[in-house]
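Take a look at the structure below.
Values in this text are rule-based calculations from the coordinates and carry no lab data. It should be emphasised that the depicted structure is a prediction, and the values quoted were computed from it without experimental measurement. As a convention, Cβ positions derive from the backbone with ideal geometry for all residues, glycine included, and neighbour counts pool all protein chains shown.
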Ligand code: 2IT
């Protein structure tokens, strides 16, 4: 394999798909050396096959807003890779959703799901529908119209969607309701992130954030450090940020920042149960602003236009969107003494930021390892659904804990360098790749 040659070819085939090309390049650079030691990969053209999705389903979603006006959005499902199990991955509703974004997410999901130890292939879907400013009735009508097109392409043994940015329990509920009506099929395993009264799993809402903090604990443990008493800056205020803030606080860290598109909340006294609950209210309001947090809690300050990375912290956790932490932000964090960065959002850091962190030798781990607890717990939800029973919160949490420790171990196994530094990016990419590649080799040319 030659990374530059492969990338030139992909850039020609998929011009302008910058997020997708970025995600592929990162993986190729990590695995190049190992790949070239395995002639069987080259012979089976594993990488040429792995970088292309199995198929992309695109459709039009037309619905009527509260004013009676007709709206048309685009809908997608990218079924990326099924080598190790049925397609699995979230659905994103965001104005900027396009093919490139969902291909990057589906590609990442394939490796992430491989890391979870569970048999799940990779997929992602979504729409350029923006939930911002929409009423509950509009969200419901949109979700129903979206499922009217998608339902025939998914199923508990073929493709199991879940939430992502802009899609939480409410949206999953509306989509699941419509799926049942259309498919005349009542298998709860067709979507994950469901409500607790209709097949959802305890801990699933918290799982991405909880899993991320378990991973960070392992990283710190490996480096002889602990999380208690450390300051943590979190970007975002949605479902992922909420779970991360909750677990970080529980583990004795102080969450001194959360943020939104409008600015950052500087929260020097850390979180309380009330503040953490309020994050859920903020998200549910559909206004996509974080400023009201400081009106509600006067010991916190709203700084408009600033990112979470402007706040001095030990540990930085991007929990919002891809490329939300740039090279410049990375330099600012380092100057302020940050020594650990864990991506909780998918591809939260730009390649320049990652390079800056790794060059500086600080602890850095990529999203596909750190945030895999979300989809892992989706996998546990599928298992419970298939067994027609539900496990206690303790049981799910213990399994999530174990899975995150396994992912951390896999990263260390493949990412430890001769000088002792653990390159978690390399470790996660190689560990995920090896599993998918092995499965593809064994299943022949399909
Ligand atoms: O990025 C992700 O891993 C998710 N949005 C969760 C996917 C899932 O199927 O639970």
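With only Cα atoms counted, the range 115-252 has Rg and Dmax values of 17.5, 54 Å.
If the viscosity is 0.692 mPa s and the temperature 37 °C, what translational diffusion coefficient in µm²/s does Stokes-Einstein give for the chain when Rh comes from Kirkwood over Cα pairs?
Taking Rh from Cα pairs, D becomes 150 µm²/s.
Beta bridges assigned by DSSP with both partners in the chain are antiparallel in approximately 60 percent of cases.
Its relative contact order, with pairs defined as Cα atoms under 8 Å and 6+ residues apart, puts the range 221-261 at 51 percent.
Over the range 213-273, the pair-distance histogram of Cα-Cα distances with 10 Å bins from zero comes to 24, 53, 22, 2 percent, rounded to whole numbers. Remark: spin-label model distance residue 45-residue 65 equals 4.6 nm, labels positioned 7 Å along the Cα→Cβ axis. How large is log10 of I(q)/I(0) for the range 1-142 at q = 0.21 Å⁻¹ when the intensity is taken from the Debye formula with one equal scatterer per alpha-carbon? Taking Cα atoms of the range 1-142 as identical point scatterers yields -1.27.
The coefficient of translational diffusion for the range 352-446, derived via Stokes-Einstein from the alpha carbon Kirkwood radius under 20 °C and 1.002 mPa s, stands at 140 µm²/s. Cα gyration tensor of the range 391-446, axes a ≥ b ≥ c as square roots of the eigenvalues: rounded (a/c below 1.5), prolate (a/b > b/c) or oblate? Because a/c hits 1.5 or more and a/b fails to exceed b/c, the range 391-446 counts as oblate. In percent, what relative contact order does the range 225-347 have, based on Cα pairs under 8 Å that are 6 or more apart in sequence? Once normalised by length, the contact order is 28 percent.
Taking the number of other C-beta atoms within 10 Å as the exposure measure, put 281, 328 in order starting with the fewest. Before the final figure, lay out each step's value.
On the way: 281 11, 328 14.
Ascending Cβ contact count within 10 Å gives the list 281, 328.
Across the range 70-196, Cα pairs under 8 Å and at least six residues apart give a relative contact order of 29 percent. Each peptide in 399-407, 61-69, 243-251, 109-117 was scored by the mean count of other Cβ atoms within 10 Å over its residues; highest first, the order is 109-117, 243-251, 399-407, 61-69. When shorter helices are ignored and each DSSP H run of at least 4 residues is given -39500 (n - 2.57), the per-residue value for the chain at 222 nm works out to -15000 deg cm²/dmol.
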